[in-house]
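The values are calculated or read from the model by the stated rules, or taken from the named source; none is laboratory data. Nothing here was measured: the structure is a model prediction, and the numbers come from that model. FYI the Cβ positions are ideal-geometry reconstructions off the backbone, even for glycines, and counts take in every protein chain you see. Remember, those area values only see protein heavy atoms, side chains included, never the ligands or the DNA or RNA. Shrake-Rupley method; radii C 1.70, N 1.55, O 1.52, S 1.80 Å.
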Amino acid sequence: MSASSKHHRSTPTEVIYSLWLTFSQDGNVRLNRESPRLSPDERAMRVEVRLPKALWNIPQLSAEITVPDPGQPGAIAARIEQFAEQLKTAVGCNVVLTVKPTEEQR
């Protein structure tokens, strides 16, 4: 484990943050890095947040677009569905891709 600072440290797979949450009777909440000074109506809770380093990875995306023989129009749709599924896996969100015919030039 490599020491990064007093308030966070790093392992090969995650970053770990040490924080304090302070709650008051009237519903206020505050966040501190250091152990907080408390008034009589406050209580503090030490919190350790562990985030995977993968959160900071930016996916490297690539695509292969093959235009099939015009006699096989379903092949384009199948490739786009595969690409959309791979993109969803890489970025963690739904992706909608559509194929639209272009207008013929006159």
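Every residue in region 7-32 that is of a type in the set (Val, Ile, Thr), surrounded by fewer than 15 Cβ atoms within 10 Å (Cβ to Cβ) and assigned to a strand (DSSP E or B), please.
Hit for region 7-32 is 29, nothing else.
Residue by residue through region 36-52, note down the ones that are open to solvent by 80 Å² or more (accessible area, probe 1.4 Å), part of a loop (DSSP other than H, G, I, E, B) and within 24 Å of residue 6 (Cα to Cα). Write out each step before concluding.
Applying the first criterion (open to solvent by 80 Å² or more (accessible area, probe 1.4 Å)) to region 36-52 yields 37-38, 40, 43, 45-46, 50.
With the extra rule that they be part of a loop (DSSP other than H, G, I, E, B), the set shrinks to 37-38, 40.
Hits for region 36-52 are 37, 38.
Per-residue answers, yes or no, for (1) at pLDDT 80 or above; (2) open to solvent by less than 60 Å² (accessible area, probe 1.4 Å); (3) not in a loop (DSSP other than H, G, I, E, B):
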site	(1), (2), (3)
34	yes, no, no
54	yes, no, yes
100	no, no, no
104	no, no, no
